[in-house]
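Undergrad: Mind looking over this structure? Questions follow.
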Amino acid sequence: MALSLTVNGDHLASTADPTTPLVDILREELHLTGAKPVCREGFCGACMVLIDGTPRPSCLTPAALADGCEIRTVEGLATQGQLNRIQAALDTSDAVQCGMCFPGMVVSLTHLLATTPDAVREDIRAALTGNICRCTGYERIIDATLLALATK
Amino acid sequence: MIPGPQMRNAPVETRNATTSIHVAPSLASALDALAEYGAAGAAFAGGTWIMRSPVRHEPLRAHYVAIGRIPELGSIRIGPNAVEIGAAVTHAALAAALSDLPEFNVLVAAAARSANPAIREMATIGGNLATSDFAAADCVPALLCLDAEVEISSRDGCERMKLERFLEIRSTLAPGRLVTQIIVPRGEHKTAHARLPLRKAGDYPVAIVSLSISVDGTGRVRTARIAVGSVEPVARRWERLDAALIGRPLDPAHAARVAAELAGEFAGRDSVDAPAWYRVSVLPGLVRRAVAAALGA
Ligand SMILES: Cc1cc2nc3c(=O)[nH]c(=O)nc-3n(C[C@H](O)[C@H](O)[C@H](O)COP(=O)(O)OP(=O)(O)OC[C@H]3O[C@@H](n4cnc5c(N)ncnc54)[C@H](O)[C@@H]3O)c2cc1C
Ligand code: FES
Ligand code: FES
């Protein structure tokens, strides 16, 4: 049975097996390669996407449970070619190193900005518990998030 | 485990192409489907354990019944004598619902500090109790110290049992049976959950001490229920420590000293993240932290 997915506003059908992890559909069928399957265990956050507005590791989300949901990936966060607040702040702060973790970081932080506009350093750290970065040591990412929070 | 830097970008080879998922709209539909699938079927709650089967080199079942959209399994009822928690309540929802009730500090801490924020939005309390191979489950010791009961339903009816009993039988639970509720009695207890992950957060705990204690008018321990998780393959109560604390003033340093004397009864489990001896050796420190947290509440 075909699954119906709404990805970044586009309505799409998939015939993937119901237990196929969403990350594989995004990458292999839809060629949206922002979300990355790094651990496939829910630890690293590199595959994070928004499902009905909530950050979810797409490696642990089976196709059958993404059916009918509104999915937003890092590719769908800019509007009309305009980076969103956290994307712009990460760019301005030169926070990105290898970039492997960033699609997931941007997704988690986009949600934090939307839901916790008065977040402080500790809130940002807690929100990134499930987003592992091998390169940056996190501090520049946190500084960029504080900058984004201050930019209304 | 903290993932290594390489990508696991091999999508399909370990999956079973014939697996089905029935998204149950109601409890009756879930119980019917589970009865029909028998041993080939299983509940699919948050999926945070099941979806990692390929990484553990375990086959998936042929059929899953997704229970996350069944209204009664997602609800929490706070009554005067007990709290009834639907099995598909997520860690995040549980922590939010009980955060104003200090007697449940232990359960709120277990649910609010396990894993990471995205996982807490998915993983369920029923899945946490039902996963027999998961030694580091936070809610298991928390619910042991709260003397919780588990309700199990099937097409033929339902039964209740103590959590201790459920832990003994869970790996051989007959096909078609589903954990539907967790029932936690209320009381005037001081409770706390002390866990030790390797990093500040995000890892499995190396060891967990959960406790629920009541004290008399003079500050002496009247009742104590202490449970230990992640040290042995299955969480269990620490009854000798309970007995040693009763009648004594509640004091973190004293409790830690007694714990150090009694910790030898734990065998510990070895795994890549921590050796057996280490898990046992941190117990007195966790007992001290848990008692201090309970006193502070
Ligand atoms: C990165 C990561 C870190 C984690 N860290 C922690 C941690 O620190 N502490 C912690 O406690 N947890 C942690 N977990 C979560 C752990 O996987 C879950 O708490 C739990 O063990 C599984 O819950 P689930 O709802 O996702 O279950 P599922 O994956 O849906 O199911 C797990 C098993 O339980 C069975 N099952 C599920 N629900 C029922 C039911 N109602 N009746 C009968 N059987 C049922 C399933 O058939 C399956 O066998 C972590 C998970 C991840 C991914
Ligand atoms: S690949 Fe999904 S969390 Fe690491
Ligand atoms: S920038 Fe390299 S992993 Fe984060």
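Undergrad: Conditions: (1) closer than 25 Å to A:D143 by Cβ; (2) of a type in the set (A, V, I, L, M, F, W, C); (3) in contact (Cβ under 8 Å) with a residue 40 or more places away in the chain. A:L26 meets all but one. Number of the miss?
TA: Here A:L26 meets the rest and fails (1).
Undergrad: A further question on this structure: Restricting attention to the stretch B:29-70, which residues are more than 16 Å from ligand 2 (Cβ to nearest atom) and assigned to a loop (DSSP other than H, G, I, E, B)?
TA: B:A45, B:H57, B:E58, B:P59, B:L60, B:R61, B:A62, B:I67, B:G68, B:R69, B:I70
Undergrad: Okay, next question. Of the conditions (1) surrounded by fewer than 24 Cβ atoms within 10 Å (Cβ to Cβ); (2) farther than 24 Å from A:E41 by Cα, B:A109 clears all except one; give me its number.
TA: Here B:A109 meets the rest and fails (2).
Undergrad: In addition: Can you report the number of residues in the stretch B:46-73 which are more than 11 Å from chain A (Cβ to nearest Cβ) and surrounded by fewer than 22 Cβ atoms within 10 Å (Cβ to Cβ)?
TA: 5
Undergrad: Here is a follow-up. Among the numbered criteria (1) in contact with a Cys (Cβ under 8 Å, 6 or more places away or on another chain); (2) among the polar types (S, T, N, Q); (3) farther than 27 Å from B:D251 by Cβ, which one does B:T191 miss?
TA: Going through (1) in contact with a Cys (Cβ under 8 Å, 6 or more places away or on another chain); (2) among the polar types (S, T, N, Q); (3) farther than 27 Å from B:D251 by Cβ one by one, B:T191 breaks only (3).
Undergrad: Surrounded by fewer than 24 Cβ atoms within 10 Å (Cβ to Cβ) and more than 13 Å from ligand 1 (Cβ to nearest atom), is that true of A:E41? Break it down stepwise before answering.
TA: Numbers: surrounded by fewer than 24 Cβ atoms within 10 Å (Cβ to Cβ): yes; more than 13 Å from ligand 1 (Cβ to nearest atom): no.
In short, no.
Undergrad: Restricting to the stretch A:114-126, name every residue that is under 16 Å from A:D52 (Cα atoms) and of a type outside the set (V, I, T). Don't jump to the end; show me each part of the working.
TA: Filtering the stretch A:114-126 for residues under 16 Å from A:D52 (Cα atoms) gives A:114-115.
A:A114 - this is the single residue of the stretch A:114-126 that is under 16 Å from A:D52 (Cα atoms) and of a type outside the set (V, I, T).
Undergrad: Considering only the stretch B:72-90, I want to know if a residue exists there that is acidic (D, E), more than 16 Å from ligand 3 (Cβ to nearest atom) and more than 25 Å from B:K162 (Cα to Cα).
TA: Within the stretch B:72-90, none of the residues are acidic (D, E), more than 16 Å from ligand 3 (Cβ to nearest atom) and more than 25 Å from B:K162 (Cα to Cα).
Residues are listed down the side, and each one gets a yes or a no for (1) touching a Cys at 6+ places or on another chain (Cβ under 7 Å); (2) within 17 Å of A:P57 (Cβ to Cβ); (3) among the basic types (K, R):
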{"residue": "A:I86", "(1), (2), (3)": "no, no, no"}
{"residue": "A:F102", "(1), (2), (3)": "no, yes, no"}
{"residue": "A:L113", "(1), (2), (3)": "no, no, no"}
{"residue": "A:I124", "(1), (2), (3)": "no, no, no"}
{"residue": "A:I132", "(1), (2), (3)": "yes, yes, no"}
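Undergrad: Name the residues in the stretch A:63-83 that are over 12 Å from A:D10 (Cα atoms) and hydrophobic (A, V, I, L, M, F, W, C), would you?
TA: Of everything in the stretch A:63-83, those that are over 12 Å from A:D10 (Cα atoms) and hydrophobic (A, V, I, L, M, F, W, C) turn out to be A:A63, A:A64, A:L65, A:A66, A:V74, A:L77, A:A78, A:L83.
Results for (1) away from chain B (no Cβ under 13 Å); (2) surrounded by fewer than 18 Cβ atoms within 10 Å (Cβ to Cβ); (3) under 21 Å from B:A118 (Cα atoms), shown as yes or no for each residue.
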residue: A:L26; (1), (2), (3): no, no, yes
residue: A:P37; (1), (2), (3): no, no, yes
residue: A:D52; (1), (2), (3): no, yes, yes
residue: A:L60; (1), (2), (3): no, no, yes
residue: A:A63; (1), (2), (3): no, no, yes
residue: A:L77; (1), (2), (3): yes, no, yes
residue: A:L83; (1), (2), (3): yes, yes, no
residue: A:T92; (1), (2), (3): yes, yes, no
residue: A:L112; (1), (2), (3): no, no, yes
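Undergrad: For the stretch B:215-297, which helices (runs of 4 or more DSSP H) that fit wholly inside it have 3 or more residues that are within 15 Å of B:P205 (Cβ to Cβ)? So that I can check it myself, show each step before the final result.
TA: Working: elements: B:239-245, B:252-262, B:276-281, B:283-296.
Output list reads B:276-281, B:283-296.
Undergrad: Right, something else. In the stretch B:16-28, which residues are under 27 Å from A:S58 (Cβ atoms) and either β-branched (V, I, T) or more than 9 Å from chain A (Cβ to nearest Cβ) (or both)?
TA: Matches in the stretch B:16-28: B:T18, B:T19, B:I21, B:V23, B:A24, B:P25.
Undergrad: Does the stretch B:67-102 hold any residues that are among the charged types (D, E, K, R) and over 17 Å from the mean Cα position of the chain (by Cα), and which are they?
TA: Passing the criteria: B:R69, B:E72, B:R77, B:D100.
Any read-out appearing in this document is the output of simple, stated calculations on the displayed coordinates, not a laboratory observation. Remember, it's a predicted structure, so these values are computed and weren't measured experimentally. All Cβ positions, glycine included, derive from the backbone under ideal geometry; neighbour counts span all protein chains shown.
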